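Working notes for the structure below.
The values are calculated or read from the model by the stated rules, or taken from the named source; none is laboratory data. Keep in mind the model is a prediction, meaning the values are calculated, not measured. So basically every Cβ, Gly included, is an ideal-geometry build from the backbone, and we count neighbours across all protein chains shown. The accessibility values were calculated without ligands, DNA or RNA, using every heavy atom of the protein model including side chains. Shrake-Rupley method; radii C 1.70, N 1.55, O 1.52, S 1.80 Å.
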Amino acid sequence: MNATPVTQPASPPREPAWTHCPYCSLQCGMGLRRTDAPETSGLPGLEVTERTAFPVNRGALCGKGRTATEVLAAGTRLTEPLMRRSPGGPLEPAGWDEALDRIAGELVRVREAHGPDASAIFGGGGLTNEKAYLLGKFARLVLGTSQIDYNGRFCMSSAAAAGIRAFGLDRGLPFPMEDIATSGCVILVGSNPAETMPPALRYFTELRENGGKLIVVDPRRTRTAEQADLHLAPRPGTDLALALGMLHLVVAEGRTDEEYVAARTTGWDEARAAAMAHWPELVERITGVPVPQLREAVAHFCDAESAMVLTARGPEQQAKGTDTVGAWINLTLATGRAGRPHSGYGCLTGQGNGQGGREHGQKADQLPGYRMLTDPEARAHVAGVWGVDPDTLPGPGRSAYELLDALGRDVRSLLVLASNPVVSAPRAAHVEERLRSLDFLAVCDVVLSETAALADVVLPVTQWAEEGGTLTNLEGRVLLRRKALDPPPGVRSDLSVLNALAARLGWEKGFPEDPEEVFDELRRASAGGKADYSGITYRRIAEEDGVFWPCPAPEEGGAPHPGTPRLFLDRFATPDGRARFVPVTHRPSAEEPDAEYPVLLTTGRVLAQYQSGAQTRRVAELNSAAPGPFVQLHPQLAERHGISEGDTVAVTSRRGRALAPARVTRDIRPDTVFMPFHWPGQGRANSLTNPALDPTSRMPEFKVCAVRVERATR
Ligand SMILES: Nc1nc2c(c(=O)[nH]1)N[C@H]1C(S)=C(S)[C@@H](COP(=O)(O)OP(=O)(O)OC[C@H]3O[C@@H](n4cnc5c(=O)[nH]c(N)nc54)[C@H](O)[C@@H]3O)O[C@H]1N2
Ligand SMILES: Nc1nc2c(c(=O)[nH]1)N[C@H]1C(S)=C(S)[C@@H](COP(=O)(O)OP(=O)(O)OC[C@H]3O[C@@H](n4cnc5c(=O)[nH]c(N)nc54)[C@H](O)[C@@H]3O)O[C@H]1N2
Ligand code: SF4
Ligand SMILES: [Mo]
């Protein structure tokens, strides 16, 4: 508990103001305190302090969190609207009214000329719950468009789809992070928390100190894999076979938990039959993981009293990501792990509000409360809260990549909030060309991102420390972001932008600027839905340091619901309360190596940069720690191509070419190269990636494509 009032003074406080880091889904607690830095120093006059009482990170922060206040500084950020006054002309400073009038005018023009679905919105998992909620409402009511989706589609959508299929509910982790430390065995699949969530690493360290086993599945020997009891290094794109191979061994060795399977699941016979077709030697041939290692992993997992599988982007960002996660879930079900203490399946969601951002209606197929847009009851409920006829709500729209691919064709105007697809979308050169072909592009951002630089109008918005709102972390814990200082003059909040645009388009009411007012409406809209927030209030979050959903409002006069840190202990969220096995079989990646493109490319992250780098590339300390892109490759591959450490490597795929210096290391498979995706320009990894989509989640295959590597210069 902490004594900070819910509403804090707008001037920077002497005592630390408690809030959360603006970046990843761990949402580390931190304090913000006024410094004595003179205004002329260019610093924001705020420094980050430790907040040891917050349970998730217990005071620890990574370098990104520690330096987050630097992006608040003038000189780094946008402080006035920008507008292109003639086609192809430069972005020039503009007044707010002028900029908002222009956007509203263009939206009307596009709608009149091409219909409501010609206007689209692209959102982000970094937006607060309030912003994500209001953005979905804005799309469906004000624009009347079905065309809204967001960057979370590129993030954990495959795990979400698999979770819904198996458990009837998608909440990244169905238990708090602390349960990791007390489990008997954790298989961490395609996740590198040592770089992507450093304060979380302590839970894995504690797991091992408590005698539990850590198994890491990653084609690279990462800083996380170095800590593991067992590191399996499969060929990228083969996790599905690996999980099925383990399940095969579980059955063959008689280690199925028959009682649990009979009592708590359905569909085992079909799933078992599918797994039995993946015998260990075949799996070794597909994955490159030796059979004895596979057996060792199964032994650790089955010997432990409790055990969990956690996945992140490695197995999920594949064109078969949903089935791949499904196979790992099957393993947890067959061994009686899901819905048991210190056990089960979880997905480590990525963005600051990666969890909440997918629950409140900015996803193409969803309405608030994790309701589905195709469900008549859900439509009626939400339309009731919004005071409109359910029939006026559009149906589901295109998924993120499909939407970007349709720009300049069916879709003529786009509003982007909190994403930088020029750097982060697959087949990025094509996406960039599509963005340029739009009739009209508007971007709300805190900095002039590569995507904002293409816009006709750019609106400068407030940042985390300058605004209130809620975010839901990877555990499903709803947290409060508190305002610690006033934004610079000339900067407005995303909520205020939506309010002003809605008003110009005839919606004077229904789009409040005050986050708490929006949250109160969100609570009503989510009531009775899967992600029920109706019992959560700002005050409760402040007092309890977070509340886990679902948390329904109490009956009249009843006691408050305590929130739900642990799901599925009694029953799963399916109609019959049982988890559903899904029969899945391995298949190749959308693009396998061949004579022309003989090497596998996989992509991911480094410690000091965040996502498209729009924010972290503007922080000196982070930039000097990770100044640019690189190509990680094994000495054998390097030697075959005459490449030495530091040489510029040209990596070519069917979609494009990228250049970056070589990092030669034995920490990667010889058949695979790795590139981080944080940079634009010639080192942009996404110039190469394959937009092949998972049929269910519509997730692009960021983690596997076929490339050729050559030495560009010495
Ligand atoms: N420093 C930093 N931290 C971040 C972010 C950031 O950009 N920078 N972003 C945040 C966000 S939004 C996210 S989604 C998370 C992502 O967090 P992670 O999922 O941990 O990050 P990635 O580096 O994308 O992928 C993890 C690992 O997957 C491995 N991998 C690649 N291909 C395969 C494969 O086919 N199978 C398997 N099993 N593994 C494979 C990679 O080698 C990599 O080490 O991080 C969050 N935290
Ligand atoms: N090759 C490859 N590509 C990938 C991935 C991969 O592993 N490999 N991972 C994918 C994943 S998991 C993700 S999550 C995406 C992320 O990629 P992006 O969607 O590009 O994410 P960010 O770089 O975080 O972009 C957020 C933008 O919003 C701005 N911003 C921050 N806060 C706010 C706010 O409150 N309001 C507004 N309006 N703007 C704000 C930031 O300045 C920044 O420009 O990348 C995907 N792309
Ligand atoms: S781990 Fe994530 S939330 Fe924590 S300080 Fe680093 S970036 Fe921020
Ligand atoms: Mo992500």
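Restricting the range 42-82 to residues that are in contact with a Pro (Cβ under 6 Å, 6 or more places away or on another chain), among the aliphatic types (A, V, I, L, M) and closer than 16 Å to L622 by Cβ, the residue that is farthest from ligand 3 (Cβ to nearest atom) is A73. In the range 255-263, is there at least one residue being more than 16 Å from ligand 2 (Cβ to nearest atom), part of a loop (DSSP other than H, G, I, E, B) and among the polar types (S, T, N, Q)? Yes, the range 255-263 has at least one match.
Filtered by the rule that a residue be in contact with a Gly (Cβ under 6 Å, 6 or more places away or on another chain) and not in a strand (DSSP E or B), the range 411-458 gives A418, S419, A429, R434, S437, L438. Taking the criterion of being buried (at least 20 other Cβ atoms within 10 Å of the Cβ), within 16 Å of ligand 4 (Cβ to nearest atom) and under 25 Å from the mean Cα position of the chain (by Cα), would at least one residue in the range 592-603 satisfy it? Checked against the condition, which is being buried (at least 20 other Cβ atoms within 10 Å of the Cβ), within 16 Å of ligand 4 (Cβ to nearest atom) and under 25 Å from the mean Cα position of the chain (by Cα), the range 592-603 yields at least one hit.
Yes/no per residue for (1) away from ligand 1 (no atom under 14 Å from the Cβ); (2) surrounded by 20 or more Cβ atoms within 10 Å (Cβ to Cβ):
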residue: D170; (1), (2): yes, yes
residue: T182; (1), (2): yes, no
residue: V189; (1), (2): no, yes
residue: M197; (1), (2): no, yes
residue: T224; (1), (2): no, yes
residue: L230; (1), (2): no, no
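Restricting attention to the range 322-358, the residues that are among the small types (G, A, S), touching a strand residue (DSSP E or B) at 6+ places or on another chain (Cβ under 8 Å) and within 16 Å of ligand 4 (Cβ to nearest atom) total 5.
On inspection, E80 passes the criterion of being acidic (D, E) and open to solvent by 10 Å² or more (accessible area, probe 1.4 Å). Looking only at residues in the range 66-82 that are in contact (Cβ under 8 Å) with a residue 60 or more places away in the chain and not in a loop (DSSP other than H, G, I, E, B), which one is nearest to the chain's Cα centre (by Cα)? Here the answer is A68. Quick check, is E226 free of Cβ contacts under 8 Å to residues at least 60 places away in the same chain, of a type in the set (D, E, K, R) and closer than 25 Å to L282 by Cβ? So E226 fails the test.
In summary, strands (runs of 3 or more DSSP E) completely within the range 611-708 and bearing 3 or more residues that are away from ligand 2 (no atom under 12 Å from the Cβ) and closer than 20 Å to P598 by Cβ occur at 631-633, 648-652, 657-664.
Counting just the residues of the range 34-54 that are among the polar types (S, T, N, Q) and open to solvent by 80 Å² or more (accessible area, probe 1.4 Å), which one comes out modelled with the highest pLDDT? The extreme case among them is T52.
Within the range 420-459, the set of residues being open to solvent by 10 Å² or more (accessible area, probe 1.4 Å) and of a type in the set (G, A, S) comprises S424, A429, S437, A453.
For beta carbons closer than 8 Å, sequence separation of 6+ or different chains, a first residue in the range 172-200 that is aromatic (F, W, Y) and a second that is outside any strand (DSSP E or B) and modelled with pLDDT of 95 or more, the qualifying pairs are F175/H342; F175/E475; F175/P565; F175/R566; F175/L567.
Looking only at residues that are within 30 Å of L622 (Cα to Cα) and in contact (Cβ under 8 Å) with a residue 60 or more places away in the chain in the range 83-122, which one is surrounded by the fewest Cβ atoms within 10 Å (Cβ to Cβ)? Per the stated criteria, the residue is L91.
Residue by residue, here is whether (1) in contact with an Asp or Glu (Cβ under 9 Å, 6 or more places away or on another chain); (2) more than 30 Å from P460 (Cβ to Cβ) holds:
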position: S493; (1), (2): yes, no
position: L498; (1), (2): yes, no
position: E508; (1), (2): no, no
position: V518; (1), (2): yes, no
position: E544; (1), (2): no, yes
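Among the residues of the range 7-30, those that are in a strand (DSSP E or B) and modelled with pLDDT of 95 or more comprise T19, H20, C24, G29, M30. Residue check: P575 meets all listed conditions (1) in contact (Cβ under 8 Å) with a residue 24 or more places away in the chain; (2) within 24 Å of V518 (Cα to Cα); (3) more than 25 Å from the chain's Cα centre (by Cα) but one, namely (2). If only residues of the range 202-221 that are open to solvent by 10 Å² or more (accessible area, probe 1.4 Å) and within 11 Å of ligand 1 (Cβ to nearest atom) are counted, the one that is farthest from T52 (Cα to Cα) is P219. Does E270 satisfy being surrounded by fewer than 21 Cβ atoms within 10 Å (Cβ to Cβ), in contact (Cβ under 8 Å) with a residue 12 or more places away in the chain and not aliphatic (A, V, I, L, M)? The answer is yes for E270. Could you tell me whether the range 371-383 includes any residue that is away from ligand 2 (no atom under 16 Å from the Cβ), touching a residue at least 40 places away in the same chain (Cβ under 8 Å) and under 22 Å from D445 (Cβ atoms)? Taking every residue of the range 371-383 in turn, none turns out to be away from ligand 2 (no atom under 16 Å from the Cβ), touching a residue at least 40 places away in the same chain (Cβ under 8 Å) and under 22 Å from D445 (Cβ atoms). Search the range 128-168 for residues being within 16 Å of ligand 3 (Cβ to nearest atom) and not hydroxyl-bearing (S, T, Y), and hand back the single one that is surrounded by the most Cβ atoms within 10 Å (Cβ to Cβ). The extreme case among them is M156. Of all the criteria given as (1) of a type in the set (K, R); (2) surrounded by 24 or more Cβ atoms within 10 Å (Cβ to Cβ); (3) more than 21 Å from the chain's Cα centre (by Cα); (4) under 19 Å from Q147 (Cα atoms), the one not satisfied by R409 is (2). In the condition set (1) out of contact with any helix residue (DSSP H, G or I) (no Cβ under 8 Å at 6 or more places or on another chain); (2) farther than 30 Å from L201 by Cα; (3) charged (D, E, K, R), R221 is compliant with all but (2).
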